[in-house]
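For reference, the structure discussed in these notes is given below.
The values are calculated or read from the model by the stated rules, or taken from the named source; none is laboratory data. Please read all numbers here as calculations on a predicted model, not as lab measurements. No Cβ is skipped: glycine too gets one built from the backbone with ideal geometry, and neighbour counts run over all protein chains shown. Calculation scope for accessible area: heavy atoms of the full protein, side chains included, ligands and nucleic acids excluded. Shrake-Rupley method; radii C 1.70, N 1.55, O 1.52, S 1.80 Å.
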Amino acid sequence: MLTVKMEAELERELAAAARAAGLTKSEFVRRGLHDAIARVRKSAKPTPWDLGKDLFGKVSSGNPDLSRMRACDIIRARRDAKTAG
């Protein structure tokens with residue numbers, strides 16, 4: 001629960017706007033806060049995850065295990081090189 005203190009004039013404007021929208025003052029303020037928070041989040045600097053999330057886990061080869069398989073190939077080649085040398 002939150003209590004907000006405001007000047008009488010602002011409260012009258014809030015009551016009139018809420019009435020015109022067919023909402024309670026509380027619902028009008030809740031919706032306004034949701035909108036304000038969404039604007040702040042939208043304008044915030046994107047994180048590295050946000051920038052690359054559409055690319056992560058995507059492979060053009062069609063093989064989702066490609067990196068793991070490549071690592072196994074490298075390990076196998078190093079092991080074979082040691083035993084052959």
Item to check | Residue tally, condition part of a loop (DSSP other than H, G, I, E, B) and open to solvent by less than 80 Å² (accessible area, probe 1.4 Å), over the range 1-29 | outcome: 3
Checklist outcome for this item: A38 meets each of (1) surrounded by fewer than 10 Cβ atoms within 10 Å (Cβ to Cβ); (2) within 13 Å of the chain's Cα centre (by Cα) with one exception, condition (1)
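One line per residue, one yes/no per condition, for (1) among the β-branched types (V, I, T); (2) touching a Gly at 6+ places or on another chain (Cβ under 9 Å); (3) at pLDDT below 85:
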position: M1; (1), (2), (3): no, no, no
position: E13; (1), (2), (3): no, no, no
position: F28; (1), (2), (3): no, no, no
position: L55; (1), (2), (3): no, no, yes
position: S60; (1), (2), (3): no, no, yes
position: S67; (1), (2), (3): no, no, yes
position: I74; (1), (2), (3): yes, no, yes
position: G85; (1), (2), (3): no, no, yes
